[in-house]
1. Of (1) in contact (Cβ under 8 Å) with a residue 40 or more places away in the chain; (2) farther than 26 Å from A:Glu145 by Cβ, B:Lys95 satisfies all except one. Which?
2. Restricting to the stretch A:72-86, count the residues that are at pLDDT 95 or above, part of a loop (DSSP other than H, G, I, E, B) and surrounded by fewer than 18 Cβ atoms within 10 Å (Cβ to Cβ).
3. Testing A:Lys182 on (1) free of Cβ contacts under 8 Å to residues at least 60 places away in the same chain; (2) within 9 Å of another protein chain (Cβ to nearest Cβ); (3) more than 16 Å from A:Val50 (Cα to Cα), one condition comes back false. Which one is that?
4. Quick one: count up the residues across the stretch A:30-39 that are facing another protein chain (nearest Cβ under 8 Å) and part of a strand (DSSP E or B).
5. Quick one: is A:Thr133 hydroxyl-bearing (Ser, Thr, Tyr) and more than 14 Å from every other protein chain (Cβ to nearest Cβ)?
6. What single numbered condition from (1) modelled with pLDDT of 95 or more; (2) surrounded by 15 or more Cβ atoms within 10 Å (Cβ to Cβ) fails to hold for A:Ala23?
7. Does A:Glu145 satisfy the condition of being at pLDDT 95 or above and either within 18 Å of the chain's Cα centre (by Cα) or not assigned by TED's automatic domain parsing to the domain that holds A:His71 (or both)?
There are 2 protein chains.
Amino acid sequence: MAKKGKFKAWQTISRKVLYKHPAHSYFLDQIYLPDGRKHEYVHAKLIPGVLIVALNSKKEVCLISQYRYVHKRKLLELPGGGVETKQGVLFHAKKELLEETGLVAKKWSKLGLCHSMPSHTNSLIHIYLAEGTKRQGPGSDMFIEGISRMRFVPLKKAVSMVQNGKITHATTVVGILLAALKMRAV
Amino acid sequence: MAKKGKFKAWQTISRKVLYKHPAHSYFLDQIYLPDGRKHEYVHAKLIPGVLIVALNSKKEVCLISQYRYVHKRKLLELPGGGVETKQGVLFHAKKELLEETGLVAKKWSKLGLCHSMPSHTNSLIHIYLAEGTKRQGPGSDMFIEGISRMRFVPLKKAVSMVQNGKITHATTVVGILLAALKMRAV
């Protein structure tokens, strides 16, 4: 039922916590739609994320095969993770790259920023370009995070893998295409 | 505590429904991690989505300004929405484009497929290219969906808007960059 009195579009009327966690909490809000109807809106508050386009000296990009519980299969992705402490975004980009692949890089620069799913979450992903990578050892978190394989592929090939549907993880696609544009690999 | 007996990595031990809805349900699962520890995993089951790169005769792409409740501001996005009925993905792509922009198109083709947030949802977005668009009237759902403006920008300019951070919606970025590659606008 549309409200007859005064209301403000998108105003929060009430909030119920569905799940509370430091890294990802879920809420059920009751809000006003622009026509005054009340509407239930479920959304998640997530910590920011980092995603790394890690290139070796041949300008090949590091891809990992990561098991995704929701999909019951592995997806080809860029390494990445959550900004879990106050030590900054770049700190966590370096940490995630090392933990998931065992790689360190000579040069770090910001490649872009994106919102994964603004209809359902506040997720903000910081995308970094890491150049001149070298392997320090095995990634310490590969096993626990379900990462079974890492490999380097030429940026041009990664772009083709996006175009033919072999890479479908949205922010990974964004990272690869932004890097390919920057490195003139398209 | 790691389990000492037999377990299967990523196996679902139990499931609790946090929120039930035909288009988006939320679940709290207890699962086994690869090392046997039990872990709480919250995830959403969403209906598939469509996203449309709609081009006019000058190869300019249609962008909308859509209010996002979670972000408390508008984001620049491609038109899109959920596949709510069994009438097929293309049917809903045409329906969403018309409802959100008032546009119809002469030629439809599949541009790509992506997973918005495979760590948290099963979301699958079908990206279409709609060419030769013509406005039939105002978009009937613009008001209720918080869409305040639609405009056409050259594909090359849209790519620049991605690169300089004016467009951040992940699947919108994927759609624009895939279209720019296909139409040789990069």
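1. Answer for B:Lys95: the failing condition is (1).
2. Within the stretch A:72-86, residues that are at pLDDT 95 or above, part of a loop (DSSP other than H, G, I, E, B) and surrounded by fewer than 18 Cβ atoms within 10 Å (Cβ to Cβ) number 1.
3. (1)
4. So the answer is 1.
5. yes
6. (2)
7. Spelling it out, it is not the case that A:Glu145 is at pLDDT 95 or above and either within 18 Å of the chain's Cα centre (by Cα) or not assigned by TED's automatic domain parsing to the domain that holds A:His71 (or both).
Quick grid of which residues meet (1) without any contact (Cβ under 8 Å) to a residue 40 or more places away in the chain; (2) among the acidic types (Asp, Glu):
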site	(1), (2)
A:Glu60	no, yes
A:Leu76	no, no
A:Thr85	yes, no
A:Gly132	no, no
A:Glu145	no, yes
A:Phe152	no, no
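The values are calculated or read from the model by the stated rules, or taken from the named source; none is laboratory data. If you're wondering where the values come from, they're calculated on a predicted model, not measured in any experiment. In this analysis, Cβ positions are derived from the backbone assuming ideal geometry, glycine residues included, and neighbour counts consider all displayed protein chains. Each accessible area value is taken on the protein alone, full model and side chains, heavy atoms only, with ligands, DNA and RNA left out. Shrake-Rupley method; radii C 1.70, N 1.55, O 1.52, S 1.80 Å.
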